[in-house]
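The values are calculated or read from the model by the stated rules, or taken from the named source; none is laboratory data. Everything quoted here is computed from the prediction, not taken from an experiment. Here the Cβ is made from the backbone with ideal geometry for all residues, glycine too, and neighbour counts use every protein chain on show.
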Amino acid sequence: MPGLGTSFGRGGATQTPRDMAESDCIVIMGSNFAENHPVGFRWVLRARDKGARVIHIDPRFTRTSAMATDYVPMRSGTDIVFLGALIHYVLTNEKYFKEYVVNYTNAPFIVKDTFKDTEDLEGLFSGFDANKKSYDQSLWDFEREEVKLPDAEPKTLSDKIAYATKKGRPKTDPTLQHPRSVFQILKRHFSRYTPEMVEEVCGTPKDKFLMVADALAKNSGRERTSSFAYAMGWTQHTVGVQMIRTAGILQSLLGNMGRPGGGIMALRGHANVQGATDLPTLWDTLPGYLQMPIILRKHDTLTDYLKTESKPTGWWVNTPKYMISLLKAWYGDAATDKNDFGYDYLPKRIKNHSHYNMFKDMYEGKVKGFFCMGQNPAAGGQNATFHRKAMAKLDWMVVRDPFQTETATFWKEAPEVVSGEVKPEDIKTEIFFFPSAVFAETDGSFTNTNRMLQWKEKAADPPGECRSDTHFTYELGVLLKKLYKDSTLDRDWPIKNLTWEHYAPNPNDGWKVHEPNSHAILKEINGYTVKDKKNLASFLELKDDGSTAAGAWIYTGVMPDEHTNKAAARKGDDYLSLGWGFCWPANRHIMYNRASADLQGRPWSERKKLVWWDETQKKWVGKDVPDFAAAKAPTAKAKDEGIGLDFHSGSDPFIMHPDGRVQIFGALADGPLPTHYEPVDTPIKNMLYKQQHNPAAIYFNIDKNKIHGIGNDKYPYVMTTYRLTEHHLSGPMTRWLPWLAELQPELFLEISPELAGELKIKTGDWVTVETERGKAEARALVTRRLQPLKHGGKIIHEVGMPIHWGYAGIAKGSSINELTLMVGDPNVTIHESKAFTVNVRKGRIRQEV
Amino acid sequence: MAERVGMLIDTSTCIGCKACGVACKEWNELPMAPEDKVEFKGLSYDNQGHLSDTNWRHVKFIEQFNEDRSDSRWLFLSDSCKHCQQAGCMEVCPTNAIIRTEFDTVFIDHDTCIGCRYCVTGCPFGVIQVSDIKGTAQKCTLCYDRLQVGEQPACAQACPTDCIEFGEVDSLMKLAEGREKLLKSQGYDNVRIYGKSDILGGLNVFYLLLDKPDVYGLPENPQLPQKNMMKSYTFSIAGMVATGVLALLAFRSRRMSHKADADQDQDKAV
Amino acid sequence: MAISRREFLKRTGVAAAGLTVASIGGLDVKPVQARVNSIKLNAKKGKQYPSVCPYCAIGCGMIITSDEQTGKVINIEGNPDSPVNLGSLCPKGAAAFQLVENPHRQTKVMYRAPGAKEWQAKPLDWAMEQVAKRVKETRDKYFVETYEGKKVNMNPAIASLGGATMENEWNYIWLKLMRNLGVVNLENQARI
């Protein structure tokens, strides 16, 4: 999410799959679109039928490649070199959309002279602290004009916070010539990312690279647009966030953002991974992308928190309204301005508590009780053996799933238990397995890959003692409130005051199993006025004085009145379908769509019109809901003294950002510009810099989690992991389904005939794949869809394995996560399962003993 | 007037996802193949192998890559009963269990089928298999029951890229000809329609192929069962009508009871 | 052009009366109207509910049909009205029926005592109460009010994982409950 967020302002996919049918060129990279999102892919094919180029760049020739007009091979983990070289091509051949770049991006901004680039420091930016493995990002700030404030006194809390934190406007050079302008820095930064370098590092033939560059350049500009689609092939790297950033920069230079058929389509892999990030069951955020308080930042009091997290200019000036409305939603009347609306009772994070640290804490005995609901770490967690070892240290654990997953049964069915290495008696974890209802047995909403909430209805009662997760949660809350009812301890205040009763099920709902009131939950998420409980129709109505409540400001408007649930709106049409479901924010389907019009508010071209300024109505109109202040004229001047959106002009389309523009230069934990680093397990050295790996990557020094490093002879082959159409994730929703089990019954290893020949492996043979972390066995599938690539003089073989198997279910097999490494990208702590090294040998695991 | 409906299988948009096959199984309540047959087959991404009593639809995967990968393609074809105008299966069926419906599709009536397997050999495409469990010949019905209530076949409904297009054969043919032209203009020189009237009088379920039929394992020039073979079939029908039908029916019911246990297991598996 | 679902519905109302008389290759095939009409049809009728596919995040619309007598799901297919998928599904979505009606589904609460070799079936209410008790015990025992001089009100000893396959409404009330128990170890598949 920060990959897109840092560039454009929000982490969500900027367009919709349907909109891709309007593209003139589609680059699919880091995604196996056809296999993993087959239904979304129909729109890609529609574009192809209309003559669009469809380019698939991937280490493997997949079902997506088969449907593309062009397939381009590459080595896993080298995407930044490829994309960086495209940026280099666009800049040196002047193929960028100049008017767009000068006015809608921060390319003309001037960076302080304390900034030093990776070109100056052999792969590091200035400000790196080798001990902390982190950067001092203040060195990368812009040169700024002096701070100006409005004459009027601040009226609201939000205003006060903004006045106190206001910064001066960045200095700019609209000619883009200043040597410290972002534009010139970018040019230098990618100056060695040449087609020849692509050939060396990615293994992609130069002519194929140039074909992609040419296709993108030809299909961008006023008349034409190109879009990118990515998925886990970009995210699952120690430089994953920066891969997405590179595409964001490229698409901004080409002027493809916010326009029909343009943008970056993030293809999410779970039905509600977008929703579970918006309403985050995640360690680091609160609903609507508010930061979860942490002691490492100035978050001591509500005011501290708001001063730190609120942005004086741009949309986030509204942070106090969203935070206080959230606290009101949670604590009701108990939240007052006297007690900072209960802010102190929110837990403060003390460090990075993300997935791997959570399991490390579990392994070290710090985590005692564990809820695992709809996730399967025993097979799906990187270094799965470690995950199981950690769970074996727990006091108690609750598992909820429709089937008895590997996580539910690890204490009796895991490979180390079956082999006798570990005895069930020695696993002291007390386990409660609750059978869960499935999607058809409960109502509620999912938020899809293009941020669209869609409501589903309950269609049947769950069988036996199966209950929905919502049911379980509601009941657990009721029981806990009962247990804490008589407590007088201050720390129990949040449980006692938590608003909960209004979720109670309706006993006359016509079902045998009564679900909690999902409409009441959605209403709370949507928001309402505290006084008369009236639904709010827009986040513009949210207040920072405690008079409104809303669980997630970005969802406000989904239930604009008591009787309207827009998630259940079902009036589609042939394009954006504004009457079907509800796209956050405010039902905008193509984000940043102000950028589809020129400075004067006219569409860049008739062919690519989307949203434009209507001078007679004095407002923005068009095919989509404008992602802009509705009545702010394109000619409106920016106010240097202004706060919030007043600081932006009528032609600053990226309203979330402080300066209203794409952040081509934008700070992240590993730098303000993307830089190629090799994966932590890699066959070759970094050919671009002395710095080999992401300097800020997060390592886990734990049992059997060894890194192979560079060119490790024991593990000579590159491995990439992936999904198949026929299965889902680690398999809990597919490997128990006979119709799917028979389509892909067994784990296999895809291997080129060249490597298979060397290893004397034939299709159907058993092979064992090994890393320092563990072993997996699979059947060989020898195929020319994989190909050895040349890197300088060296041939590198890449193999691939799907991720779906485990030791439970109808279709059983090794989990590839026995092989993978726990390592983290510094921005989001995601692992690197898309590129690591392995050894492959003929035969099964057991044959060695 | 009878309506001749069928399907166009446009291989240029088939992504090999197999949704058609699963949707078919869902609607027609077909079980997973017997467990001993469920295994990694190493046939590219195909682990079903062929059409069968439990797979009325089957997606073929054809990998064609030269050594340096300069000429590479992965073709997919969703295969099923073609509902031929001249249907070999129907002609050889001794009990008239195979009938032509009001939609001009070819339908096996399971109340009349005796499981004699003549149709299995009568089909030039290898579509039909007799179910050991049900004791009758099995193949695609073009979702006859869905057609009756105005729904398109389950596979066509499910197909995410509309590569399976359902409709009146005449209009589908026009659609196919349009696609053929478009694809030719996009450089697919070998694109062709398979299943016009030159193939068994026309296939109601016909194909837009990107290359010659044999690339997809389809017969270039499929034939009806030989005339002399037909005579012997006819003869045997007469014979059966005279003496054997009851015996054959008894044979079928015996076999069904024999398979009752397996049947139950199968139910569980679904 | 191909016939849309609704168009076809209109047309077959009449078409069903027409029948083919085929005479091919020397074999007379008799008019089969009577036969056809006697064949038991399988069109799955029941109450229809709009739904959304639970697999990837494209968000395909589904129609779930449940038998009005038994209340059981009898059919799941794509919703032709949805602009997302126009009635289509992928193989996983098409198999979603087996996610609901599947003999491998667990329908009983199972309990594994510490060190035990087997599961025991337990009543749902008992298990809910036990879990609530465990939560309270663990929370109360390991709760941290201040850390390095700062008020933190957090509980490092309880962790939660999962959520990307569940509804928004669940994610919201779960995070609300967890945060207010002081849980900082809260994660889902977004990082996987």
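Quick rundown of the values:
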item	result
Sole residue being farther than 30 Å from A:VAL625 by Cβ, crowded, with 22+ Cβ neighbours inside 10 Å and touching a Pro at 6+ places or on another chain (Cβ under 8 Å), chosen from A:THR246, A:THR238, A:THR225	A:THR238
Residues that are small (Gly, Ala, Ser) and either surrounded by 24 or more Cβ atoms within 10 Å (Cβ to Cβ) or in a loop (DSSP other than H, G, I, E, B) (or both), drawn from the stretch A:31-80	A:SER31, A:ALA34, A:GLY40, A:GLY51, A:ALA52, A:SER65, A:ALA68, A:SER76, A:GLY77
Residue tally, condition touching a strand residue (DSSP E or B) at 6+ places or on another chain (Cβ under 9 Å), among the charged types (D, E, K, R) and free of Cβ contacts under 8 Å to residues at least 60 places away in the same chain, over the stretch A:335-351	3
Options A:ASP573, A:ASP532; residue that is without any contact (Cβ under 8 Å) to a residue 24 or more places away in the chain and within 14 Å of chain C (Cβ to nearest Cβ)	A:ASP573
The stretch A:520-560, residues that are at positive phi and either of a type in the set (Ser, Thr, Tyr) or within 29 Å of the chain's Cα centre (by Cα) (or both)	A:GLY527, A:GLY557
Evaluation of A:GLU425 against (1) of a type outside the set (Ser, Thr, Tyr); (2) more than 7 Å from chain C (Cβ to nearest Cβ); (3) closer than 30 Å to A:LYS812 by Cβ (one fails), failing number	(2)
Per-region count, the stretch C:143-192, residues at positive phi and charged (D, E, K, R)	1
Matching helices (runs of 4 or more DSSP H) fully within the stretch C:54-166 where at least 1 residues are of a type in the set (Gly, Ala, Ser), more than 7 Å from chain A (Cβ to nearest Cβ) and in contact (Cβ under 8 Å) with a residue 40 or more places away in the chain	C:91-94, C:96-100
Leading residue by the ranking (nearest to the other protein chains (Cβ to nearest Cβ)) among those in the stretch A:390-408 that are of a type outside the set (A, V, I, L, M, F, W, C) and in contact with a helix residue (DSSP H, G or I) (Cβ under 8 Å, 6 or more places away or on another chain)	A:PRO402
The stretch A:225-283, residues that are part of a loop (DSSP other than H, G, I, E, B) and of a type in the set (A, V, I, L, M)	A:ALA231, A:VAL239, A:LEU254, A:MET257, A:LEU267, A:ALA271, A:VAL273, A:LEU279, A:LEU282
Strands (runs of 3 or more DSSP E) lying entirely in the stretch B:70-132 (those with 1 or more residues that are surrounded by 22 or more Cβ atoms within 10 Å (Cβ to Cβ) and basic (Lys, Arg))	B:98-100
Residue match in the stretch A:481-490 (condition: in contact with a Ser or Thr (Cβ under 9 Å, 6 or more places away or on another chain), within 18 Å of A:GLY342 (Cα to Cα) and basic (Lys, Arg))	no
Some residue of the stretch B:118-133 being away from chain C (no Cβ under 11 Å), within 26 Å of B:GLN86 (Cβ to Cβ) and over 17 Å from the mean Cα position of the chain (by Cα)	no
Residue under evaluation A:LYS160, criteria (1) more than 31 Å from the chain's Cα centre (by Cα); (2) part of a loop (DSSP other than H, G, I, E, B), criterion not met	(2)
Selection status of A:ILE830, surrounded by 21 or more Cβ atoms within 10 Å (Cβ to Cβ), more than 29 Å from the chain's Cα centre (by Cα) and in a loop (DSSP other than H, G, I, E, B)	no
Those residues of the stretch B:136-153 which are at pLDDT 95 or above and either surrounded by fewer than 20 Cβ atoms within 10 Å (Cβ to Cβ) or more than 14 Å from B:THR105 (Cβ to Cβ) (or both), in sequence order	B:THR136, B:ALA137, B:GLN138
Strands (runs of 3 or more DSSP E) within the stretch A:417-489 that include 2 or more residues over 30 Å from the mean Cα position of the chain (by Cα)	A:430-435
Subset tally (residues that are in contact with a Pro (Cβ under 7 Å, 6 or more places away or on another chain) and either farther than 22 Å from C:GLY59 by Cα or not in a helix (DSSP H, G or I) (or both)) for the stretch A:550-569	2
Residue tally, condition touching a Gly at 6+ places or on another chain (Cβ under 8 Å), within 7 Å of another protein chain (Cβ to nearest Cβ), within 30 Å of A:TYR363 (Cα to Cα) and buried (at least 23 other Cβ atoms within 10 Å of the Cβ), over the stretch A:428-472	3
Output for the stretch B:119-176, where each listed residue is in contact (Cβ under 8 Å) with a residue 60 or more places away in the chain and among the charged types (D, E, K, R)	B:ASP132, B:LYS134, B:LYS139, B:ARG146, B:ASP162, B:GLU165, B:GLU168, B:ASP170
Odd one out for A:THR313, checked against (1) surrounded by 23 or more Cβ atoms within 10 Å (Cβ to Cβ); (2) out of contact with any Pro (no Cβ under 7 Å at 6 or more places or on another chain)	(2)
Pair list, Cβ < 6 Å and 6+ apart or interchain, from the stretch B:181-207 residues that are polar (S, T, N, Q) to residues that are surrounded by fewer than 21 Cβ atoms within 10 Å (Cβ to Cβ)	B:ASN190/B:ASP211
Subset of the stretch B:42-59 [more than 13 Å from B:ALA19 (Cα to Cα), surrounded by 15 or more Cβ atoms within 10 Å (Cβ to Cβ) and of a type outside the set (Asp, Glu)]	B:GLY42, B:LEU43, B:SER44, B:TYR45, B:ASN47, B:GLN48, B:LEU51, B:SER52, B:THR54
Qualifying residue in the stretch A:311-328 (condition: in contact (Cβ under 8 Å) with a residue 60 or more places away in the chain, within 18 Å of C:THR146 (Cα to Cα) and out of contact with any strand residue (DSSP E or B) (no Cβ under 9 Å at 6 or more places or on another chain))	no
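Conditions tested, residue by residue: (1) without any contact (Cβ under 8 Å) to a residue 24 or more places away in the chain; (2) touching a Leu at 6+ places or on another chain (Cβ under 8 Å); (3) on the phi > 0 side of the Ramachandran plot.
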| position | (1), (2), (3) |
| --- | --- |
| A:ASP443 | no, no, no |
| A:THR449 | no, yes, no |
| A:ALA460 | yes, no, no |
| A:TYR484 | yes, no, no |
| A:TRP493 | no, no, no |
